[in-house]
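In what follows, a structure is listed as structure tokens, so that the remarks can point back to it.
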Amino acid sequence: MRCTVVGAGAWGLSAAAELSARGHRVTLVERHGIGNALSSSRGPTRLWRLADPDPLKIGLSLRARDAMQRLERQTEATLHLRRGMLWRDTESLARLVAALRAAGVPFTEVEAADVGRFFPGLAGDGRGAVFQADAGVVLAKAYLAAQAERFRAHGGRLLAGEVVAVEATRQPAVRLADGTILTGDAVVVAAGPGTGPLLPSLGVPLTLRPYLEQVVHYAGIESSALVPGLIDGPVPDGPAVYAMPTPGIGYKAGLDVPLRPLGPGNDDRTPDPGRTAELTRRIAAMFPGATPTVVDEQVCSWTDSPDGRFVIDRVGRATVLACGDSGEGFKYAALVGDVLADLAEGRPPDEDISALSLARLRASVDDPGRAPTALGQTSVPDV
């Protein structure tokens, strides 16, 4: 089978590598190159976790963890680390506990005064928490490198170019800005924030909202590479914070609110000093015994779907669409790569993946006023 994959981010590259490994002839089209500075997949780490108030996401996370472990065995590379995660909040905690209990996922309920035992140095603030041991970091840069090597080793072809349209006909076609037309037996579209402009040519009436997010690495918090990840819910004077260790660099943190919308042709990834200052004040309050020192700042992109869940579906007979990463797509990448390859081969989706189809959105009306992130309701970015 001849396949074209549009987008070489975590999802597209994973699909291209898996399709190549299955013996298909695959062309991967990417405008800026694998792991480029404008992609949603840049940076050294991402948070992975089983904990989520959404039961569907817990099930997908369990499958994604298993897929990541299979990929590590195949590539003989370490691609994720188990460090645990502390989730502290008031509003979402009851739903989180109920979802974990229903899924049979072990966890520990933590009294407000005891959070420092699970995360040394974290100050109590009167809110209880949940500690879940099956969590940690995806070594994102290493993951992309492993999938890229897998793709090349199985004869995949990487093509630099800008895709301007995808036709979901019986023999799908991918049109590039330079006039090149790629045809074949199947197409996978996983172009991150670049997916929106391709939807009209696919005949898909879907609204996607790309955003920019800013993260900061701090020294002075991570006394050991063994410290856990953290989701710290909203406080009266600020949004939620998500954070994770990046071995060899520092402790990575971000505010659970977009930096700004990402408009067409906006390639500016300059960090906002005000955002860094706001985050640093919050981190300093959370860790009063530490002196958080900024090591680096980074701006990356993510794309919100109308309801905060992924969109994974087949469009027409032989075109597969994957979009709406909602800021947390990387931890599912190994699973999504397998799923997209299955769909491209014509296999029917299972119940979990069917729940992510376009059908669920056709009967709903997108709310332009919906908050792009709402802890426990849509998504908590893990960038």
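The values are calculated or read from the model by the stated rules, or taken from the named source; none is laboratory data. These numbers come from a predicted model, not from an experiment. Cβ sites come from the backbone with ideal geometry, for glycine too, and all protein chains shown count toward neighbours. Note: accessible area is taken over every heavy atom of the protein model, side chains too, but ligands, DNA and RNA are not part of it. Shrake-Rupley method; radii C 1.70, N 1.55, O 1.52, S 1.80 Å.
Worth a mention:
- Of the strands (runs of 3 or more DSSP E) that lie entirely inside the range 138-194, those containing 1 or more residues that are crowded, with 24+ Cβ neighbours inside 10 Å span 163-167, 173-176, 186-189.
- Within the range 173-185, residues that are under 21 Å from residue 314 (Cα atoms) and of a type in the set (Asp, Glu) have Cβ atoms under 7 Å from residues that are modelled with pLDDT of 95 or more and assigned to a strand (DSSP E or B) in these pairs: 185/2; 185/3, counting only partners at least 6 apart in sequence or on another chain.
Condition check ((1) surrounded by fewer than 16 Cβ atoms within 10 Å (Cβ to Cβ); (2) more than 19 Å from the chain's Cα centre (by Cα); (3) under 20 Å from residue 242 (Cβ atoms); (4) among the polar types (S, T, N, Q)) across all residues:
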| residue | (1), (2), (3), (4) |
| --- | --- |
| 29 | no, yes, no, no |
| 48 | no, no, yes, no |
| 60 | no, no, yes, no |
| 65 | no, no, yes, no |
| 76 | yes, yes, no, no |
| 97 | no, yes, yes, no |
| 104 | yes, yes, no, no |
| 108 | yes, yes, yes, yes |
| 118 | no, yes, yes, no |
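- Considering the range 274-323, and only residues there that are assigned to a loop (DSSP other than H, G, I, E, B) and among the hydrophobic types (A, V, I, L, M, F, W, C), the residue that is surrounded by the most Cβ atoms within 10 Å (Cβ to Cβ) turns out to be 310.
- The single condition among (1) within 17 Å of the chain's Cα centre (by Cα); (2) over 20 Å from residue 42 (Cβ atoms); (3) assigned to a loop (DSSP other than H, G, I, E, B) that residue 258 does not satisfy is (2).
- In the range 1-30, the residues that are in a loop (DSSP other than H, G, I, E, B) reach residues that are open to solvent by 30 Å² or more (accessible area, probe 1.4 Å) and among the hydrophobic types (A, V, I, L, M, F, W, C) with C-beta atoms within less than 8 angstrom, at least six apart or across chains, in these pairs: 8/34; 8/158; 24/1.
- The range 66-101, residues that are closer than 25 Å to residue 115 by Cβ, in contact with an Asp or Glu (Cβ under 9 Å, 6 or more places away or on another chain) and not in a loop (DSSP other than H, G, I, E, B): 80, 82, 85, 86, 87, 88, 93, 95, 96, 97, 99, 100
- Some residue of the range 226-246 being surrounded by fewer than 16 Cβ atoms within 10 Å (Cβ to Cβ), in contact (Cβ under 8 Å) with a residue 40 or more places away in the chain and not aliphatic (A, V, I, L, M): no
- Selection from the range 180-212 of residues that are hydroxyl-bearing (Ser, Thr, Tyr) and under 22 Å from residue 337 (Cβ atoms): 195
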